[in-house]
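The values are calculated or read from the model by the stated rules, or taken from the named source; none is laboratory data. Predicted, not measured: the structure shown is a model, and the values here were computed from it. With ideal geometry, Cβ positions are generated from the backbone for all residues, glycine too; neighbour counts draw on all protein chains shown.
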Amino acid sequence: MKLKTIEKLCCPFDKQELQLQILAQDLEQNVMEGILSCVTCQRKYPIVYGVPIMAPDEYRQLSLEQPVIERWQLEYQIDPLKLLPE
Ligand SMILES: [Zn+2]
């Protein structure tokens, strides 16, 4: 997904601003993998294969998101258990 498009996204839970951590980009600078974090509610939304996963809590399938988090957690110290706030 293009960086400019991602910058327009907001948290689906509280409509607040998201911080983007880019983990992988393709040659056209599209963000292929990354983590969007809500500064307000602390939810994290991974970008998987260029698509931000931004479903509401009850529709999220953390099993699909987990592999990406696990692949990057060592490098970026992402806690895989904290995709959703406690
Ligand atoms: Zn939020």
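Brief remarks follow.
- Strands (runs of 3 or more DSSP E) wholly inside the stretch 1-57 that include at least 1 residues being closer than 21 Å to Glu70 by Cβ, in contact with a strand residue (DSSP E or B) (Cβ under 9 Å, 6 or more places away or on another chain) and of a type in the set (Asp, Glu): 31-38
- Taking the stretch 31-84 as the range and being of a type outside the set (A, V, I, L, M, F, W, C), at pLDDT 85 or above and within 17 Å of Cys11 (Cβ to Cβ) as the test, the residues that pass are Gly34, Ser37, Thr40, Gln42, Arg43, Lys44, Tyr45, Pro46, Pro52.
- Inside the stretch 37-55, residues that are away from the ligand (no atom under 13 Å from the Cβ), surrounded by fewer than 20 Cβ atoms within 10 Å (Cβ to Cβ) and of a type in the set (Val, Ile, Thr) make up a count of 3.
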